[in-house]
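Nothing in this text is a laboratory measurement; each read-out follows from the coordinates by a stated rule. As the structure is a computational prediction, the values presented were derived from the model and not from experiment. Here the Cβ positions follow ideal geometry from the backbone for every residue, glycine too, while neighbour counts run over all protein chains shown.
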Amino acid sequence: MTHFYRPCEGHRLPHDPFNAIVAPRPIGWIGTKGADGGRNLAPYSFFNALNYSPPLVGFSSNSWKDTVANCRATGEFTWNLVTRSLAEAMNASSTTAEVDEFDAAGVEVAESVEIAAPRVAASPATFECRVTQIIDLRSATGEASGSWFTVGEVVGVHLDESLLVDGIVDTAAAEPVLRGGGPTTYFGISADQRFDMRRPC
């Protein structure tokens, strides 16, 4: 048996399965600074790496939020890796209240090197990014979705050297947190889940 549905007609399930199927997903914990100098920190569950050279990352916001507005105004943002020890702070920073989320979530701020946008001091990996595109996402018929996809070129990388093993990043050592489907679901990565394959020549 297969459960088939057309998204435009509804999924007929207790929770939309789309983001549970495309999961787990990296979290875009995005730090920005507004034109007025105000700081913003917010998590986005639709985030990923997009390209090697130049290195590009992108996140999608389901409305024109402060993060997107700041990216448009300043052309900069940071991406901060969410680890298990930072998960609660990340969740606290998802507040919709008009506050400095760094302060509200108790997150120590670190200065960036190449850009002015703030970063999370405790994150073991951070990308400093310059905005390359802000895309108004549309349906197949061209109708505006109300969502915005922001792409940035990584111009600086902060990496805790404790994550390097023979010069290669040990992904599991950072204990990254990933977003699953459902309103409360998250996942971690552990070394015992690793397997290796080489690409064919």
Study note, to complete from the structure: The extension gain from W64 to A173, computed as 0.36 nm times the residue separation minus the Cα-Cα distance, is 35.7 nm
Practice item. Quickly work out the T185-to-S162 label distance, labels modelled 7 Å from Cα along the C-beta direction, and quote it in nm with one decimal. Key: 3.1 nm
Practice item. For the chain, compute Rh as the Kirkwood radius over C-alpha pairs and then the Stokes-Einstein diffusion coefficient at 25 °C and 0.890 mPa s; write the answer in µm²/s, rounded to an integer. Key: 135 µm²/s
Review point. Say R0 is 25 Å: what FRET efficiency, to the nearest 0.05, do Q193 and A116 get from their beta-carbon distance?
Key: 0.05
Exercise for review: Based on the mean of other Cβ atoms within 10 Å per residue, sort peptides 65-71, 96-102 so the most packed one is first.
Suggested key: 65-71, 96-102
Check your understanding: Between A20 and A92, what FRET efficiency comes out of the Förster formula 1/(1 + (r/R0)^6) with R0 = 25 Å and r the beta carbon distance, rounded to 0.05?
Key -> 0.60
Point to revise | Gained length - I135 relative to M1, 0.36 nm times residue gap less alpha-carbon distance | key: 44.4 nm
Revision key, fill the gap. Per the rule of 0.36 nm per residue minus the C-alpha distance, extending A49 to V155 adds in nm 36.8 nm
Check your understanding: So, in Å, what gap is there between the alpha-carbon centers of region 74-111 and region 136-201?
Key -> 17 Å
